[in-house]
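One structure is given here, and the rest of the page talks about it.
The values are calculated or read from the model by the stated rules, or taken from the named source; none is laboratory data. Bear in mind the structure is a predicted one, so any value in this text is a computation, not a measurement. Cβ sites come from the backbone with ideal geometry, for glycine too, and all protein chains shown count toward neighbours. Ligands, DNA and RNA are stripped out before the accessible areas are found, and what is left, the full protein with its side chains, is counted by its heavy atoms. Shrake-Rupley method; radii C 1.70, N 1.55, O 1.52, S 1.80 Å.
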Amino acid sequence: MAGNRTFTMIKPEAVAAGNAGKIIDAIIEGGFKIVALKLTQLTPERAGKFYEVHKERPFYQELVDYMSSGPIYAAVLEKDNAVADFRALIGATDPAEAAEGTIRKRFAKSKAENAVHGSDSDENATIESNFHFSADEIVG
Ligand code: CDP
Ligand code: MG
(Lines give C-alpha, C1' and ligand atoms only; values in the text may rest on other atoms or scores of the structure.)
(Ligands and ions follow the chains in the order given, each with its own letter.)
Protein backbone atom coordinates (compact mmCIF):
# COMPACT_ATOMS: atom_id res chain seq x y z
CA MET A 1 0.00 0.00 0.00
CA ALA A 2 1.27 3.44 -0.88
CA GLY A 3 2.30 5.39 2.19
CA ASN A 4 3.14 2.58 4.57
CA ARG A 5 6.47 1.32 3.24
CA THR A 6 9.95 2.72 2.94
CA PHE A 7 13.32 1.39 1.86
CA THR A 8 16.58 1.55 3.79
CA MET A 9 20.19 0.48 3.48
CA ILE A 10 22.64 0.10 6.33
CA LYS A 11 25.70 1.54 4.62
CA PRO A 12 29.17 -0.08 4.33
CA GLU A 13 30.95 1.76 7.15
CA ALA A 14 28.17 0.99 9.62
CA VAL A 15 28.20 -2.71 8.69
CA ALA A 16 32.02 -2.79 8.90
CA ALA A 17 31.91 -1.13 12.32
CA GLY A 18 29.60 -3.86 13.64
CA ASN A 19 26.67 -1.48 14.10
CA ALA A 20 24.10 -3.27 11.92
CA GLY A 21 22.47 -5.10 14.83
CA LYS A 22 22.10 -1.93 16.91
CA ILE A 23 20.68 -0.07 13.91
CA ILE A 24 18.17 -2.85 13.20
CA ASP A 25 17.18 -2.72 16.91
CA ALA A 26 16.64 1.04 16.65
CA ILE A 27 14.49 0.56 13.52
CA ILE A 28 12.28 -2.02 15.29
CA GLU A 29 12.18 0.09 18.48
CA GLY A 30 11.06 2.97 16.24
CA GLY A 31 7.92 1.04 15.36
CA PHE A 32 8.91 -0.32 11.95
CA LYS A 33 8.22 -3.88 10.84
CA ILE A 34 10.88 -5.43 8.60
CA VAL A 35 9.15 -7.00 5.58
CA ALA A 36 12.33 -7.71 3.56
CA LEU A 37 16.02 -7.88 4.53
CA LYS A 38 19.24 -8.99 2.86
CA LEU A 39 22.99 -8.67 3.14
CA THR A 40 24.40 -7.73 -0.24
CA GLN A 41 27.15 -5.72 -1.93
CA LEU A 42 26.56 -3.23 -4.72
CA THR A 43 28.87 -3.25 -7.72
CA PRO A 44 30.03 0.25 -8.74
CA GLU A 45 27.63 -0.02 -11.68
CA ARG A 46 24.63 -0.82 -9.45
CA ALA A 47 25.57 1.87 -6.92
CA GLY A 48 25.82 4.35 -9.79
CA LYS A 49 22.38 3.34 -11.00
CA PHE A 50 20.81 3.51 -7.54
CA TYR A 51 22.11 7.07 -7.03
CA GLU A 52 21.64 8.17 -10.67
CA VAL A 53 19.51 11.12 -9.52
CA HIS A 54 22.71 12.59 -7.97
CA LYS A 55 24.96 12.07 -11.02
CA GLU A 56 25.54 15.78 -11.60
CA ARG A 57 26.41 16.42 -7.94
CA PRO A 58 30.08 16.89 -6.95
CA PHE A 59 29.92 14.05 -4.43
CA TYR A 60 28.52 11.45 -6.91
CA GLN A 61 31.73 9.52 -7.67
CA GLU A 62 32.75 9.45 -4.01
CA LEU A 63 29.24 8.22 -3.13
CA VAL A 64 29.38 5.43 -5.74
CA ASP A 65 32.86 4.34 -4.56
CA TYR A 66 31.75 4.37 -0.93
CA MET A 67 28.45 2.54 -1.44
CA SER A 68 30.16 -0.23 -3.41
CA SER A 69 33.10 -0.54 -0.98
CA GLY A 70 31.68 -3.30 1.21
CA PRO A 71 28.60 -5.24 2.30
CA ILE A 72 25.38 -3.45 3.09
CA TYR A 73 22.01 -4.50 4.47
CA ALA A 74 19.03 -3.59 2.30
CA ALA A 75 15.56 -3.65 3.87
CA VAL A 76 11.93 -2.77 3.25
CA LEU A 77 10.15 -1.37 6.29
CA GLU A 78 6.47 -1.03 7.08
CA LYS A 79 4.74 1.53 9.30
CA ASP A 80 2.01 4.15 8.90
CA ASN A 81 3.60 7.26 7.36
CA ALA A 82 6.74 5.20 6.78
CA VAL A 83 8.78 7.57 4.58
CA ALA A 84 8.46 10.66 6.78
CA ASP A 85 8.66 8.75 10.07
CA PHE A 86 11.81 6.92 8.95
CA ARG A 87 13.48 10.17 7.83
CA ALA A 88 12.72 11.49 11.34
CA LEU A 89 14.18 8.36 12.96
CA ILE A 90 17.45 8.58 10.99
CA GLY A 91 17.94 12.37 11.25
CA ALA A 92 19.61 14.90 8.95
CA THR A 93 22.05 13.84 6.22
CA ASP A 94 24.95 15.43 8.14
CA PRO A 95 25.24 13.85 11.60
CA ALA A 96 26.45 17.21 12.93
CA GLU A 97 22.94 18.51 12.16
CA ALA A 98 21.04 15.37 13.15
CA ALA A 99 18.84 15.48 16.24
CA GLU A 100 19.98 13.78 19.45
CA GLY A 101 19.03 10.09 19.55
CA THR A 102 18.59 9.71 15.79
CA ILE A 103 20.33 6.83 14.03
CA ARG A 104 22.68 9.13 12.12
CA LYS A 105 23.52 11.09 15.27
CA ARG A 106 24.36 7.83 17.04
CA PHE A 107 26.17 5.96 14.26
CA ALA A 108 27.19 8.16 11.29
CA LYS A 109 30.87 9.03 10.85
CA SER A 110 30.38 11.99 8.51
CA LYS A 111 27.97 13.59 6.05
CA ALA A 112 29.16 11.13 3.39
CA GLU A 113 29.52 8.04 5.60
CA ASN A 114 26.21 8.51 7.35
CA ALA A 115 25.26 4.97 8.36
CA VAL A 116 21.87 4.63 6.67
CA HIS A 117 19.79 5.46 3.62
CA GLY A 118 16.12 6.37 3.78
CA SER A 119 13.78 6.90 0.80
CA ASP A 120 12.58 10.47 0.26
CA SER A 121 9.10 9.75 -1.20
CA ASP A 122 6.56 6.94 -1.55
CA GLU A 123 7.37 6.75 -5.26
CA ASN A 124 11.11 6.35 -4.62
CA ALA A 125 10.45 3.86 -1.80
CA THR A 126 8.74 1.61 -4.36
CA ILE A 127 11.45 2.12 -7.00
CA GLU A 128 14.25 1.48 -4.50
CA SER A 129 12.53 -1.59 -2.97
CA ASN A 130 12.09 -3.06 -6.45
CA PHE A 131 15.75 -2.29 -7.24
CA HIS A 132 16.84 -4.66 -4.45
CA PHE A 133 14.00 -7.15 -3.98
CA SER A 134 11.72 -9.28 -6.11
CA ALA A 135 8.06 -9.47 -5.09
CA ASP A 136 8.47 -12.90 -3.45
CA GLU A 137 11.26 -11.57 -1.18
CA ILE A 138 8.88 -9.07 0.44
CA VAL A 139 6.49 -10.58 2.99
CA GLY A 140 3.04 -9.45 4.06
O1 CDP B 1 20.62 10.38 2.24
P2 CDP B 1 19.86 11.70 2.21
O3 CDP B 1 18.55 11.59 1.47
O4 CDP B 1 19.73 12.31 3.57
O5 CDP B 1 20.79 12.71 1.39
P6 CDP B 1 20.92 12.97 -0.20
O7 CDP B 1 21.00 14.44 -0.40
O8 CDP B 1 19.86 12.22 -0.94
O9 CDP B 1 22.34 12.37 -0.55
C10 CDP B 1 22.53 10.98 -0.73
C11 CDP B 1 23.79 10.57 -0.02
O12 CDP B 1 24.90 11.21 -0.64
C13 CDP B 1 23.91 11.01 1.45
O14 CDP B 1 23.19 10.15 2.34
C15 CDP B 1 25.41 10.97 1.66
O16 CDP B 1 25.89 9.63 1.85
C17 CDP B 1 25.92 11.49 0.32
N18 CDP B 1 26.18 12.94 0.33
C19 CDP B 1 27.50 13.39 0.38
O20 CDP B 1 28.43 12.58 0.41
N21 CDP B 1 27.77 14.74 0.39
C22 CDP B 1 26.76 15.63 0.34
N23 CDP B 1 27.05 16.95 0.34
C24 CDP B 1 25.43 15.21 0.29
C25 CDP B 1 25.18 13.85 0.27
MG1 MG C 1 18.15 11.13 -0.49
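Odds and ends about this structure:
- Counting only protein heavy atoms and a 1.4 Å probe, the stretch 5-137 has 51 square angstrom of accessible area per residue.
- For GluC sites (Glu not before Pro), the sites in the stretch 1-105 that DSSP calls loop and that have at most 14 other Cβ atoms within 10 Å are E56, E100.
- Computed in the context of the full set of protein chains, the accessible area of the chain at 1.4 Å probe radius has 51% of its extent on carbon or sulfur.
- Volume per residue that the Cα convex hull of the stretch 53-131 spans, once the total is divided by residue count, Å³: 108
- Theoretical FRET efficiency, 1/(1+(r/R0)^6), r = Cβ-Cβ of V139 and D94, R0 30 Å, to 0.05: 0.30
- In a reduced charge model with +1 at each Lys and Arg Cβ and -1 at each Asp and Glu Cβ, the stretch 1-105 shows a dipole moment near 260 debye about its Cα centre.
- With every protein chain in place and a 1.4 angstrom probe, the accessible-area ranking of I90, I28, largest first, reads I28, I90.
- V53-N81 FRET efficiency (beta carbon distance; Förster radius 30 Å; 0.05 resolution): 0.85
- DSSP-assigned coil residues among chymotrypsin sites (Phe, Trp or Tyr not before Pro) in the stretch 11-72, each with at most 12 further Cβ atoms within 10 Å: F59
- Entry for the stretch 63-105 at q = 0.16, 0.18 Å⁻¹: log10 I(q)/I(0) = -0.57, -0.70, Debye formula applied to identical alpha-carbon scatterers, no solvent contribution.
- For the stretch 1-128, the Kirkwood hydrodynamic radius comes to 14.5 Å, computed from all pairs of different C-alpha atoms.
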